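Below: the structure, in structure tokens.
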Amino acid sequence: MTETVRRHERVTKTEVKGQRWTLSIGTLLLPDTARLRDTIPLYVHFHGAPWLAESSVQQHDRHAAILTAQLGSGSGVYGQPFKDLAKFAALLDEAAKVLSPNRPVRFYPIILSGWSAGYGAIREIVRNRDNWPRIDAVLLEDGIHTSYVPDGQPGPLDPAGLQPFIDFAREAVAGRKTFLITHSEIYPGTFASTTECSEFLLKELGITVRPVMRWGPLGMQQISDARSGKLRVMGFAGNTAPDHVDHIHATKNWLKVLGRMGK
């Protein structure tokens with residue numbers, strides 16, 4: 001299926017200059033524009049072309065370190081490493097040591113983002129509440145899913161797959177965290193869509209979805225909005241592959257929204 005109404009603009013590929021290190025998971029970048037201080041912002045992005053995440057973060061915050069992880073296809077490959085409850089904290093410590101081996105460095109704020117299957121890593125990370133003090137904000141870009149019951153065919157949603165996000169969303173509603181979710185209208189069929197999962201989360205929290213009709217970034221069309229505290233869920237038209245890819249190319253825009261929400 002194709003459509004020609006939305007422009008599906010794409011970010012031009014650019015390489016962010018700086019020093020890179022290969023970590024146990026992903027690649028850490030300290031851009032040339034960032035000064036190494038005792039405290040430095042860290043953006044951690046899961047899934048999609050690393051250059052796109054790096055470029056998007058660089059345009060939003062020139063002083064941040066950026067950790068990108070492209071692990072493969074499917075949420076399982078992203079979630080599996082973080083089933084080890086100590087892995088996220090260990091990864092942050094690893095990043096800090098390679099960045100500054102001779103003196104302590106603290107990452108603040110720490111922003112997690114994931115496009116599509118990348119949500120699998122973030123779900124496991126926020127499932128462990130010991131990680132919450134380290135996490136300041138979460139961005140899910142057309143990536144929040146769970147299974148149906150029974151698995152593999154349309155039916156009731158399995159709430160267990162969404163519970164970590166619901167719990168973190170409560171923190172955002174209370175103003176203690178910042179949480180932005182964007183979603184398309186794509187229905188995979190064998191597992192719950194980002195629309196279904198977003199609406200389930202909002203219903204659990206008692207938050208009303210407001211219909212809107214406005215242009216979004218890169219020719220996207222926003223059709224719904226829901227806000228409470230520092231939680232926001234933005235729905236966009238489209239059920240084709242280009243509509244899905246729109247969400248990662250708009251990362252710079254979502255980071256701006258996330259920044260305004262956190263103030």
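Descriptive notes on the structure:
- Inter-residue pairs, beta-carbon under 7 Å, first assigned by TED's automatic domain parsing to the domain that holds LYS177 and in the stretch 246-262, second of a type in the set (Phe, Trp, Tyr), 6+ apart: HIS247/TRP115; ILE248/TRP115
- Sole residue being exposed (fewer than 15 other Cβ atoms within 10 Å of the Cβ) and within 22 Å of ILE144 (Cα to Cα), chosen from GLY76, GLY26: GLY76
- Test for TYR43: is it under 15 Å from the mean Cα position of the chain (by Cα) and closer than 23 Å to GLY262 by Cα: yes
- Selection status of HIS8, at pLDDT below 95 and not aromatic (Phe, Trp, Tyr): yes
- The stretch 1-23, subset β-branched (Val, Ile, Thr) and surrounded by 15 or more Cβ atoms within 10 Å (Cβ to Cβ), residue nearest to PRO50 (Cα to Cα): VAL16
- Filtered residues of the stretch 91-123 (kept if farther than 24 Å from GLY161 by Cα and either free of Cβ contacts under 8 Å to residues at least 12 places away in the same chain or surrounded by 24 or more Cβ atoms within 10 Å (Cβ to Cβ) (or both)): ASP93, ALA96, LYS97, PRO101, ASN102
- The combined condition, being farther than 20 Å from ALA137 by Cα and in contact (Cβ under 8 Å) with a residue 40 or more places away in the chain, is not fulfilled by THR182.
- Strands (runs of 3 or more DSSP E) within the stretch 23-79 that include 2 or more residues under 14 Å from GLY114 (Cβ atoms): 39-46, 65-69
The values are calculated or read from the model by the stated rules, or taken from the named source; none is laboratory data. Please read these numbers as outputs of a predicted model, since none were measured by experiment. Heads up, the Cβs are rebuilt from the backbone with ideal geometry, glycines too, and the neighbour counts pull from every protein chain shown.
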